[in-house]
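Laboratory data are not the source of any read-out in this text; all were calculated from the coordinates shown. Fair warning: this is a prediction, and the values are worked out from it, not measured in the lab. Cβ coordinates were reconstructed from backbone atoms using ideal geometry, including for glycine residues, and neighbour counts include every protein chain displayed.
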Amino acid sequence: MGIGVIIHGYIECPGFARSADTKRVYRANRRVILGLPISDRDWPYLTRDMFSMLPLRPSIDRRIAQYENQVIHFAGDYKDMYRIEAGWLRKFEGLLSRLCWYRAAAMIEDSWFRYEWRVSFDHIGDRYHSNPPRPPTEWTFKCSRMTQQPLLPNEAIGEAFDSPHHVPGNGGT
């Protein structure tokens, strides 16, 4: 027996679709994601179906959740992984070493850890503008604990919001 622990996060990539460079980066990143294994025989698993990307926004008329950057999002449910294991980090950083990206973050829900990777814009330079684009070779990495301080909804929601689905509880409504 064990307890399932949700790990989720995102990888922020160039996404201004009117740029030929960004279109090349998008296609290269998509190939990397599609190249991930469908099934992973080695724990902790990192597989293709954990990751998802919106289509690249071709024009302002396309109404999708992409403003300036492309977001690759991911999630998985792992047994008893209250802290990210070194094996998961090696696999995830192996993926990052093949993608063109600016920032990535992974969060663990039950223990409230946050892991963050950032590429210096100085390091990117012409790497992402080359043909083919070249992924970064170095980045910063930091870990932190997210607080669980309760807030009233009006403190955390940008405008008045009522829902017939909310029931009174410790979170306050």
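Here are some notes:
- The simple spin-label model puts a point 7 Å past each Cα toward its Cβ; for Glu93 and Asp49 those points are separated by 2.9 nm.
- Karplus-based coupling profile of the stretch 119-131, in residue order and whole Hz: 9, 5, 4, 5, 6, 5, x, 8, 4, 7, 8, 6, 10, with θ = phi - 60° in 6.51 cos²θ - 1.76 cosθ + 1.60 and x standing for Gly or Pro.
- Stretchable slack from Ile3 to Asp122, in nm (0.36 nm times residue separation minus alpha-carbon distance): 38.6 nm
- Of (1) 15.4, 49; (2) 15.3, 45; (3) 18.4, 55, the label for Rg and Dmax of the Cα atoms in Å derived from the coordinates: (3)
- In order through the stretch 70-78: 3J(HN,Hα) via Karplus (6.51 cos²θ - 1.76 cosθ + 1.60), integer Hz, x for Gly, Pro: 7, 10, 9, 10, 8, 7, x, 10, 10
- Classified by the C-alpha gyration tensor, the stretch 62-162 has an oblate form. Its axis ratio a/c, with a ≥ b ≥ c, is 1.5 or above, and a/b does not exceed b/c.
- Distance between the modelled labels on Ala156 and Asn131, one decimal in nanometres: 4.8 nm (7 Å Cα→Cβ projection).
- Only aspartates and glutamates eight or more places from Lys91 in sequence, or on another chain, were considered; those with a Cα closer than 17 Å are Asp40, Asp42, Asp49, Asp77, Glu116, Glu138.
- Karplus 3J(HN,Hα) series, Hz, for the stretch 134-147 with 6.51 cos²θ - 1.76 cosθ + 1.60 (x for Gly, Pro): 10, x, x, 10, 8, 6, 8, 9, 9, 10, 8, 10, 7, 7
- Gaussian network model of the chain, Cα within-10 Å springs - most flexible of Pro132, Pro153, Pro14: Pro153
- GNM flexibility winner over the chain from Asn154, Asn69, Asn29 (Cα, springs under 10 Å): Asn154
- Förster radius 22 Å - calculated FRET efficiency between Glu85 and Arg27 (Cβ-Cβ, nearest 0.05): 0.10
- In this simple spin-label model, placing a label point 7 Å from the Cα along the Cα-to-Cβ direction at both Asp42 and Lys142 gives a separation of 3.1 nm.
- Only Lys, Arg, Asp and Glu carry charge here, each on its Cβ (+1 for the first two, -1 for the last two); on that basis the chain has a dipole of about 820 debye about its Cα centre.
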